[in-house]
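Colleague: Can you read through this structure? Questions will come right after.
The values are calculated or read from the model by the stated rules, or taken from the named source; none is laboratory data. All values derive from a computational prediction rather than experimental measurement.
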Amino acid sequence: MENQVQNSSFKNKIIYWKHRLRFFRNKYIFTITVFAVFALFLDDNDIFTLFSQNSKLNKIQTDQKIVQQKLIETRYTLKQLSFGSELERFAREEKLFKKDNEDIFILSYE
């Protein structure tokens with residue numbers, strides 16, 4: 001009796017999987033499915049690698065825009081420094097340079 005219950009359960013599982021896998025009897029559908037699984041998950045350029053590379057590309061493009069903006073600001077500053085008075089002002093304000101006979105006091109607000 002117990003053997004018969006196990007046998008019927010096994011038959012039910014076989015019938016279940018035969019019903020689920022009936023599409024793979026067609027060789028074209030089977031081939032397309034195998035190719036899709038290989039291309040999406042097993043290839044060197046799988047879907048996960050593509051998403052990862054795309055996110056890295058977006059980050060690099062954002063960084064490139066920031067660097068280009070800084071480059072424009074630096075070029076503007078360099079152009080302004082071609083004048084003698086601007087060079088002294090820049091050195092005093094940005095780099096905290098001083099003349100020999102003066103003292104610098106830095107005020108910081110907290």
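Colleague: From I15, I72, I106, which residue is on the phi < 0 side of the Ramachandran plot and either at pLDDT 90 or above or of a type in the set (G, A, S) (or both)?
Modeller: I72
Colleague: Moving on to the next point. So which of N101, N54 is modelled with pLDDT of 95 or more, outside the structural domain of F24 (by TED's automatic domain parsing) and more than 30 Å from F24 (Cα to Cα)? Please lay out each step first, then the result.
Modeller: Working: N101 fails: modelled with pLDDT of 95 or more.
Being modelled with pLDDT of 95 or more, outside the structural domain of F24 (by TED's automatic domain parsing) and more than 30 Å from F24 (Cα to Cα) holds for just one of N101, N54, which is N54.
Colleague: Please give the helices (runs of 4 or more DSSP H) falling wholly within the chain in which 3 or more residues are of a type in the set (F, W, Y) and over 39 Å from the mean Cα position of the chain (by Cα).
Modeller: By residue number, 2-20.
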